[in-house]
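Below is one structure, written out as structure tokens; comments come after it.
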Amino acid sequence: MMDTARGIAEKVRSGETSACTVIERCLEGIDAFNEDLGAFTHVVRERALKRAKALDDAKASGENLGPLAGVPFAAKNLFDIAGIATLAGSKINRARAPAETDATLILRLEAAGAILVGALNMGEYAYDFTGENAHYGPSRNPHATDRMSGGSSGGSGTAVAAGMVPLALGSDTNGSIRVPSSLCGLFGLKPTYGRLSRAGTFPFVASFDHVGPMARCVDDLALSATAMMGADPADPVCADRPETSLVPAAHSPAAHGPVTHGPADHGIDGLRIAKAGGYFERQADRQALQAVDKVCSALNADRVVGIDHAAEARAAAYLITMAEGAALHLDGLKAHHQDYDPDVRDRFLAGAMIPGAWVAKAQKFRRYFQAHMRAIFETTDILVAPATPCSAPRIGQKTFTLDGVELPVRPNLGIFTQPISFVGLPVVTVPVWLESEPLPIGVQIIAAPWKEVSALAIAQHLERQGVAKAPVAKAYAGPVQPVKCRD
Amino acid sequence: MSEPREADLASVTAMTEMFLAYLDLPLDETYRAGIIAHLMAAHGIAAPLLAFELDDEAELAPVFVA
């Protein structure tokens with residue numbers, strides 16, 4: 001099992017371990033567990049080892065190794081990796097030419113010293129919340145391998161929860177970082193829409209597509225997000241923002257000087273915290289509601305703010321997703337319809353028939369709801385809401401019952417995430433383990449636009465109190481058999 | 001504003017047939033049940049949005065900046 005990203009980087013910088021040793025152990029873990037768990041679709045073994053050697057050589061030369069020195073990470077397979085076709089979970093994309101360069105976020109993490117080890121399984125074209133894939137098999141939940149990892153960044157959830165890597169990149173259009181973070185018991189950051197560059201990623205719904213990290217501690221989210229943020233002309237949505245860091249000051253690597261905008265500086269004193277009411281209380285099961293209450297209790301947050309029109313927001317996101325997703329795949333559906341995952345194909349085909357008037361109204365409503373949420377954030381800094389309506393369903397489970405109504409699992413695991421990403425709000429999902437429950441469940445810590453630092457500060461407070469925690473799954477927490485990876 | 005009526009299976013089925021042809025999409029019989037189920041679900045999910053009154057002057061969310 002791997003240490004946290006921050007722990008690894010500190011040990012590599014101090015010389016307590018080497019980047020080569022870290023990467024060898026990481027590859028051993030992948031070799032040992034991946035066949036059972038289905039997290040990786042491609043391992044870039046030689047590239048990772050070569051880069052680790054270069055990093056160790058740089059250390060021997062006295063060079064600055066960067067804040068993520070020697071940290072292995074993996075990326076959902078919709079991120080471009082030079083030399084590999086970008087699958088986006090599909091069979092069809094195997095025919096694409098290999099990517100010529102890495103996605104921007106991979107380049108930025110590696111510039112900070114991290115080392116890419118592979119590409120991760122995901123739902124086909126990111127259109128699922130389950131972590132299932134008709135072509136590559138499901139990415140399994142390491143806490144109970146007959147359970148869903150959540151999607152569509154399912155492999156990202158599996159890899160981090162099994163301790164195969166300390167850090168993974170995912171994408172989140174309607175909840176695809178937050179749902180697997182909830183089901184796999186991880187911390188996940190869906191940043192503000194436009195905070196992190198999507199350049200070099202295969203799109204789903206450009207209006208809503210976000211990218212971000214998943215990890216086992218808040219420091220790792222903040223450290224990696226800091227390394228990845230910044231303007232990128234290759235992504236027209238990516239903003240040029242003034243913030244310089246989200247890293248807690250107390251843990252800032254000395255080599256990089258003091259940090260002045262981290263959660264530790266910001267603190268949580270004075271933050272106005274409220275539980276999201278109304279829609280967010282109605283369809284959650286007992287575990288989801290208890291997890292929210294546990295977080296609110298730890299934060300002394302007894303105020304409830306009703307989020308009016310959340311159902312309409314979810315509806316609008318749902319329709320825009322159907323229409324934009326179908327538009328992206330219209331030609332593919334004509335030429336390769338037999339090669340799509342049937343569940344995805346039928347949703348895309350249905351999306352091609354959504355009336356344009358509905359989509360236009362949904363886009364108008366998006367602006368209305370944005371203003372509505374901004375008004376709420378004038379008197380509230382943080383909203384607390386469930387991430388998923390329940391913990392991980394069984395793999396293959398088609399329906400579940402929410403608020404007495406039987407519904408399909410695939411589109412409805414994201415009922416609480418979808419209204420939030422609809423207006424691009426930043427969210428940190430925190431994992432909560434209730435004493436009576438065998439599986440974790442996530443809680444959304446939602447902040448105003450560009451206030452990731454507030455959500456991270458709250459998440460870190462909960463982590464330090466022990467209310468939120470992300471242990472490696474017990475079955476994968478022990479040592480693995482060594483595999484010789486070095487010449 | 002009138003409440004949107006509930007979708008009925010016959011009309012959704014008929015629309016599916018017409019749109020698959022209109023858009024030159026695959027007319028595979030095995031796909032239809034799934035497509036129709038998704039359209040029925042979307043109709044139900046859309047209902048509160050379609051019933052919500054917006055000003056005529058309301059702008060679309062995406063704004064192109066030249």
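Only the coordinates and a few stated rules stand behind these numbers; no lab work does. Because the structure is a prediction, the values reported are computed rather than measured. Positions of Cβ are backbone-derived with ideal geometry, glycine not excepted, and every protein chain shown enters the neighbour counts.
If you take every DSSP beta bridge fully contained in the protein assembly as shown, what fraction is antiparallel? Give it as a percent rounded to 5.
Roughly 70 percent of the beta bridges in the protein assembly as shown run antiparallel, per DSSP.
Let me know the shape class of segment A:89-150, please: from the alpha-carbon gyration tensor, a ≥ b ≥ c as square roots of the eigenvalues, rounded when a/c is under 1.5, otherwise prolate if a/b is greater than b/c, or oblate.
It is oblate, given that a/c is not under 1.5 and a/b is not larger than b/c.
Considering every residue in A:407-416, what mean count of other chain Cβ atoms within 10 Å of its Cβ is obtained?
Per-residue shielding by partner chains comes out at 1.
So what are the ³J(HN,Hα) numbers for segment A:203-219, from phi and the Karplus equation (6.51, -1.76, 1.60; θ = phi - 60°), rounded to whole Hz, Gly and Pro as x?
x, 10, 10, 4, 4, 10, 5, 10, 10, x, x, 10, 7, 9, 8, 5, 3
How large is ³J(HN,Hα), in whole Hz, for each residue of segment A:165-172 in order, when computed from phi with the Karplus curve 6.51 cos²θ - 1.76 cosθ + 1.60 and θ = phi - 60°, using x for Gly and Pro?
Once θ is set to phi - 60°, the couplings for segment A:165-172 become 9, x, 8, 9, 9, x, 10, 9 Hz.
Over 26 Å between Cα atoms, which of A:K190/A:K334; A:K59/A:K469; A:K275/A:K451; A:K451/A:K474; A:K76/A:K364 qualify?
Result: A:K190/A:K334; A:K59/A:K469; A:K451/A:K474; A:K76/A:K364 exceed 26 Å.
By how many nm would the segment from A:R94 to A:T399 lengthen if fully extended, with 0.36 nm per residue of separation less the alpha-carbon distance?
106.7 nm
Please turn the phi angles of segment A:460-470 into ³J(HN,Hα) values with the Karplus equation 6.51 cos²θ - 1.76 cosθ + 1.60 (θ = phi - 60°), one per residue in order, whole Hz, x for glycine and proline.
These are the phi-based 3J(HN,Hα) values: 5, 4, 5, 5, 5, 7, x, 6, 10, 7, 9 Hz.
Gain in length, A:R272 to A:E35, computed as 0.36 nm per residue apart minus the alpha-carbon separation, to one decimal in nm?
Gain on extension, A:R272 to A:E35, equals 80.7 nm.
So what is the orientation-averaged projected area of chain A, using the convex hull of its C-alpha atoms, in nm²?
21.1
Taking amide H positions as placed in the peptide plane 1.01 Å from N, state which residues far from A:R147 in sequence (5 or more) or on other chains have amide H under 5 Å from it.
A:N141, A:I395
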